[in-house]
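In what follows, a structure is listed as structure tokens, so that the remarks can point back to it.
The values are calculated or read from the model by the stated rules, or taken from the named source; none is laboratory data. Being a predicted model, the structure only gives us computed values, none of them experimental. Cβ atoms come from the backbone with ideal geometry, glycine included; neighbour counts cover every protein chain shown. Calculation scope for accessible area: heavy atoms of the full protein, side chains included, ligands and nucleic acids excluded. Shrake-Rupley method; radii C 1.70, N 1.55, O 1.52, S 1.80 Å.
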Amino acid sequence: MKRSGRSGLARLFELAGTKRSHLIASALLSVVASACALAPYYIVYLVLVRLLAPDFGPRAVAEIRTLALVAVGVLVLRGLTLFASTMCSHAAAFDILYNLRCALSAHLGRLPMGYFSVRQSGQIKKVLYEDVEDLEGFIAHHIPDLVAGAVLPVLIVGVLFVVDWRLALVALLPLPLAFFLQRRAFARDGQEERRIRYHNALEALNATIVEYVRGMPVIKVFNQTVASFARLKNAALDYRRCIEAITRAMAPAWALFVVVTASGLLFILPFGLWLYLAGQISLPVLLLFLMLGSGYMAPLLRLAMLGGQLGHLLEGLARVDAILAVAPLPEPDSPRSPRSSAIEFDKVTFGYGDRPVLRELSLRLAPGSVTALVGPSGAGKTTIAQLLVRMWDVWEGAIRIGGVDIRDMASDELMRQVGFVFQDGFLFGDTLRENIRMGLDGVTDADIEGAARAAQCEEFVRRLPKGFDTRVGEGGEVHLSGGEKQRVAMARIMLKNAPIVVLDEATAYADAENEAKIQDAFAALMQGKTVLVIAHRLSTITDADAIVVVKDGVVAEQGGHEELLARGGLYHAMWQAHTAARAWTLQV
């Protein structure tokens, strides 16, 4: 379900048109149901005509019995057609929503990982769930309601004009006022601005709620309340202000509109009684107008509500399309595969927005070597690692693996070549076994358990209620600690067996004992692989083949541990600070 160049209502109906046959069937069935809803009132009118006829007798009784059976049949037919119409529209809606969510998920999976680092998960969740879900109401309910709301008033007014054109004109008197008030309620002055602000406020509220839940341990530790979490409080207040502004703008005209649509009797009853007392209409005609003349505008109320919701729905759809419009990183026409695991950064320049982070950085990693990136905070270490897996494309220069520019490699091939262990390990809401497997084909349970043992997971796996079949992650049976999550991430990378491994402070949450075990595991299992380590604890990378000191987006120093210490430069200063911090103790 690719995005077209259309927008607004045209885009909405284009989306609905993917299930055209279902929706046409739903609309036709809705028309039949509307006609069936009108028929019993007209049958009551015909029954009254016969009951009040001067020649009432056995023939009239037989006709009334027939009309009663017809009314029952019409009601049954209305129920069946209404059910069938609803089923058709809902089947179409659920298929469209399923396909749209699949398209969004597939598209998000093709976007560069950098796209997600600059967007909060709550914002994407709001689009993927709430904005898409709003389409269900339009397709499943509003389209048949739109047809019924347009057809039923026309049928009613047509019947009224056939019965008595004078009373029919009187019944139409509230209609112009109702249309005027409806336009006032949804006046365009500031409406679009309020709608955009509403969606922005809802996205911000979703994002801060997710942030608040994730930060709950810190909030509890410091004995804080929700009121002290300023961003969540402000987001909730801003959302409330948006709702209040929309309500204040529409409430007066909308309230009058609702009153007018229900006030048909105020026009029909006086004029109808005058005509009846003057002998110009019969009692059945008066009763028919009292039943139908005040109710023909009820469907217009549903149409007006649809008009009010349409703006919000279209804004949500625009945000769905905005995601679909984000271009994935271009794929090469003739993809190439690397000849080795050697890595080269050739005069790479890159930044965020207009701010450069790396400036003509050049760096070479020999195949099978372990290279550590160190440097001050903000020097560009993580950016170097992220560019290697093509979270973004470089501004200038090139990054090559085995002599092949990564832009000339297919994304799947690049992902096969590089394994990345992030500092914050993420677990899906699935079993531990599947979290380690991560969709790898041809991996046996024995392979998974072997990788888990190598990553020092065996100890905490024994404590899990169902071992490897225990559900972990969000909504799981147990919650793993930060260090345990990191070891699961390491098991994944060991199982993947990629020739290049990037470790972004992968032992950040490990205690001293487990850190030593993990280091031993890597030493045994990473033989022959090219490893890039981002390290903050310098003691963990003293045995690296090369240590690269990055400062202000360039390579400031490069060499072995002892060599860099002997130079007395930035690395020497960082090492002294590190050793001083390790020697620090709390005085009591």
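Here is how the numbers come out for the structure above:
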| item | result |
| --- | --- |
| Calculated from backbone phi, Karplus (6.51, -1.76, 1.60) coupling profile of segment 265-271 in Hz, x at Gly/Pro | 4, 4, 8, 6, 4, x, 5 |
| Cα gyration tensor, segment 382-430 - rounded (a/c under 1.5), prolate or oblate | prolate |
| Amide proton proximity set for I547, modelled H, under 5 Å, gap of 5+ | A372, G559, G560 |
| 1.4 Å probe accessible area per residue over segment 370-419, in Å² | 32 |
| Cα centroid separation, segment 261-276 to segment 357-371 (Å) | 87 |
| Karplus (6.51, -1.76, 1.60) ³J(HN,Hα), θ = phi - 60°, over segment 164-181, in Hz, Gly and Pro reported as x | 7, 5, 5, 5, 5, 5, 5, 4, 7, 4, x, 4, x, 5, 5, 5, 4, 5 |
| Other-chain or far-sequence residues with amide H under 5 Å of V404's (modelled H) | R339 |
| Per DSSP, loop trypsin sites (Lys or Arg not before Pro) in segment 54-154 with at most 10 further Cβ within 10 Å | none |
| Segment 319-447 - percent relative contact order, Cα under 8 Å, separation 6 or more | 30 |
| Hz values of 3J(HN,Hα) by residue in segment 37-43 - Karplus curve (6.51, -1.76, 1.60), Gly and Pro given as x | 5, 7, 4, x, 5, 5, 5 |
| Segment 346-458, Rg to Rh (Cα coordinates; Rh as Kirkwood inverse mean 1/r) | 1.02 |
| Long pairs among K496/K529; K381/K529; K126/K485, criterion Cα-Cα beyond 22 Å | K126/K485 |
| Amide proton proximity set for V326, modelled H, under 5 Å, gap of 5+ | none |
